[in-house]
Every structure is written in C-alpha cells, then in structure tokens.
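Take a look at the structure below.
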Amino acid sequence: MNAATKMASGLALAAILATPALAGPDDDNLIVNGEIEMITETAAPAHMEYVDTIYSGWRFRSDETQVVQTDDFDNPGMIWVEAAGEVWETADGSEGKSCASCHGAVDEAMKGVRAVYPKWNDERGEVTTIEMEVNNCRENRMGADKWKYAGGDMTNMVALISSVSRGMPVNVAIDGPAQATWEAGKELYYTRTGQLELSCANCHEDSYGMMIRADHLSQGQINGFPTYRLKNTKLNSVHARFKGCVRDTRAHTFAPGSAEFVALELYVASRGNGLSVEGPSVRN
Amino acid sequence: MASGVKPRVKVPKSADAGEVITIKTLISHKMESGQRKDGDGNIIPRSIINRFTCEFNGEMVIDVNIEPAISTNPFFEFEAKVPESGEFVFTWYDDDGDVYTTTKKITVG
C-alpha cells in the first residue's frame, strides 16, 4: 500500500468514526446507590399531543457523565444537599425556628413533595413552587429574610427536599384550579422567542436526540432538577435553566420566580409525569 | 480554619484477605488558588489543602502533594490491598496549619 492509499483509507476510517451516533436516547438503566431504581423512560402523559415516549435527560448524556449520578458519594450535588441538611436543622430569623422545628425530619416530612410541585395553593390562590413555599416559611413563620429565588441557599434547600423523593414518579396536577396556569405555561412552551425565534418545542420536542453544535438535545425534562452541571460545578435550579434557554434564543428573559416561569415550570413538569424524581441529578 | 471543611470517606466494611478494594475520599474545601482577585482588585490569599495521605495499620498507602490547580472539593479514588483487619487513617493538611483526620475500620475474614 503506498502512502497516498494509506492516507485515503485512514481518512475513510476517520469519516466512519466521526459519523454521529444515531441521535436518540441510549438504552442504559439508572440505579442510584444500588437501590433506587429510576424510571427514565415511559409512555407520555395523555395531554402530550406530539410525543409518544418521554425520557429523562440522563439518557442523553455520555456514559462518563451518567455514572457520576449512580452513587451519592460520586455525585457532587450531594455536598450541597448535605449542607442544606444542616441548614434544615438550624434556627434562623426572629421566631427562633428552624425548618425542623415545624416539619421534623426532612426525609419523612418532605417525602413525595418534589413529585407533586408546582402545586395549587388554596390559601394563596395561586400555583406555588417549592421555592415559593420555602420563602413563605422563612418570611411568615421564621421571621427570616427571604432567599434569592435561584440563589445557592435556595437551590441547595430544594435539592435536599428533592433528594428524599428520589425514585418516586413525578405527578403534578394539571386540572382543577391549576389548569389556567398550566394552559399559560403550555402557551409559553410553544411560543417562539428572541432573535432566533425558537420555542421550547423547537429544540426539546421537534429535535431531541439531535446535536445543537456540541450539545446532545434532550427532551428538556425537569425531573432531575436541581441538577449539578459539570459546566458550572454547582446545583442549578429549574428557573435558572429556563432563563439560560430563553437567553440562548437571544430574547429578554423572564425573571426566576416570575409568574411566567412558574407557569412554564408546571407545564414542563407535567410533560414528565411518570418519570422518577432524580434531583440532584448530574448533567453537562 | 477555612469554613465548611468536611472530610468524607467511603471504604467497604469488610473484605477478603489480600482483596483489592476501592477507596473514595472527598473533602469539601474551597481550595482558593491564590491567583484570583476580589472586587477591589486585591489578591485573595491562597488557602488550599496541600497534602493528603492514607495509612493502613501504620503503613503509608498513598501520599499526595496537592498544588493550587486542584479543583474545589478535591476527590481522590484509589485502590488498596488489605492483608488483614485494621484501620485506615486519612489525613488532609490545610495551608493554614489545620489537619483533618478521619478513620475507617475494615474487617478481613
């Protein structure tokens, strides 16, 4: 074989290797700590018109990233969950109360909470997120300063609350008093924003599995939030991620904690009804 | 002492004689490199863990020098062959002179 042929065959081989693996989610199973079996794939809830099967974002990540989530010792998000566990027990504010003063042990009191939020709150007459409930407690029961909606303290606390529901299926209610908010969220999901004129659906419904430059597009499920991201080495909240996505369409974004993002969170959460709560998950 | 420092170690509780086990360690530490500046342009002083060791029944298993480029919350995973029951001693040395120690017992048999 002369040098030219060698080079040509080398190039052909490189071309084969460079062909992107055919899109889609992989076939891996997620089991955390050898005991929590996660549902990462299931039939789409009835309200979804254009998708038959829903997948956790975990199924779209590389094996190296996936494995980090399979053990709490390896999952860097658990460092902040542990830190929030101490905050849970620590009194703050003028009333001298901690979260534990009223709620008791987090793993009993908060089990199942993450799976059903955002949720209609009768007393307040609106759909509330876990963040809103935490700040409601801080302000009105503890007499403490509110936390910034997508700040570190808040996101760590949400991760703690989420961690005790891991493995339970997401099951947010979209009917009854929550329906109007859910409809508003759906409207936002399908509305194109920004100079790039992209809606959530353009990437996460029409194009999941494809590459957007170097990123493997998932369905944009939020069952894994708060999520530890390798790119910024901290826990990220749902609304911070929404903000990043809307910003990427080159639009002015809504603020974390805004009514728009609360509605969008309810709608996106409902698209994951049936998947396991994974937060704190690990993504790139 | 640097705030929020907490060592964590994962070692199997038991093993067969001569078995090679996997040990995972992590210490939460901000690992300030000494190369960053604060809002006023002043250099934030270096504050890192500069050495990590693991001993088993008095014998050194691993001894690591750590430099400022190591990430926040340094994580070390390594293997060790355990010939007998005993105790692992893990030690982290902080720039500020603090020493953090954790021990884990393992039963062979």
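The values are calculated or read from the model by the stated rules, or taken from the named source; none is laboratory data. Since the structure is predicted, the reported quantities are computational estimates derived from the model, not experimental observations. Here the Cβ positions follow ideal geometry from the backbone for every residue, glycine too, while neighbour counts run over all protein chains shown. With ligands, DNA and RNA removed, areas are computed over all heavy atoms of the protein, side chains included. Shrake-Rupley method; radii C 1.70, N 1.55, O 1.52, S 1.80 Å.
Selection of segment A:170-187 for residues being assigned to a helix (DSSP H, G or I), within 16 Å of residue A:222 (Cα to Cα) and open to solvent by 40 Å² or more (accessible area, probe 1.4 Å) yields only A:186.
So which residues in segment A:239-284 are of a type in the set (A, V, I, L, M) and in contact with a Ser or Thr (Cβ under 8 Å, 6 or more places away or on another chain)? Scanning segment A:239-284 gives A:240, A:246, A:251, A:262, A:263, A:266, A:275, A:277, A:282. Is one or more of the residues making up segment B:35-55 within 14 Å of another protein chain (Cβ to nearest Cβ), surrounded by 14 or more Cβ atoms within 10 Å (Cβ to Cβ) and closer than 23 Å to residue A:80 by Cα? Checked against the condition, which is being within 14 Å of another protein chain (Cβ to nearest Cβ), surrounded by 14 or more Cβ atoms within 10 Å (Cβ to Cβ) and closer than 23 Å to residue A:80 by Cα, segment B:35-55 yields no hits at all.
Contact map, segment A:228-240: first residue farther than 16 Å from residue A:163 by Cα, second residue open to solvent by 50 Å² or more (accessible area, probe 1.4 Å), Cβ cut-off under 6 Å, separation 6 or more or different chains; pairs are A:230/A:284. Within segment A:104-113, can one find any residue that is closer than 30 Å to residue A:33 by Cβ, part of a loop (DSSP other than H, G, I, E, B) and within 14 Å of chain B (Cβ to nearest Cβ)? Checking segment A:104-113: not a single residue is closer than 30 Å to residue A:33 by Cβ, part of a loop (DSSP other than H, G, I, E, B) and within 14 Å of chain B (Cβ to nearest Cβ). Across segment A:37-90, the number of residues qualifying as within 14 Å of another protein chain (Cβ to nearest Cβ), of a type in the set (D, E, K, R) and in a loop (DSSP other than H, G, I, E, B) comes to 3. Being closer than 25 Å to residue A:231 by Cβ, within 14 Å of chain A (Cβ to nearest Cβ), β-branched (Val, Ile, Thr) and open to solvent by less than 60 Å² (accessible area, probe 1.4 Å) holds for only one residue in B:25, B:72, B:102, and it is B:25.
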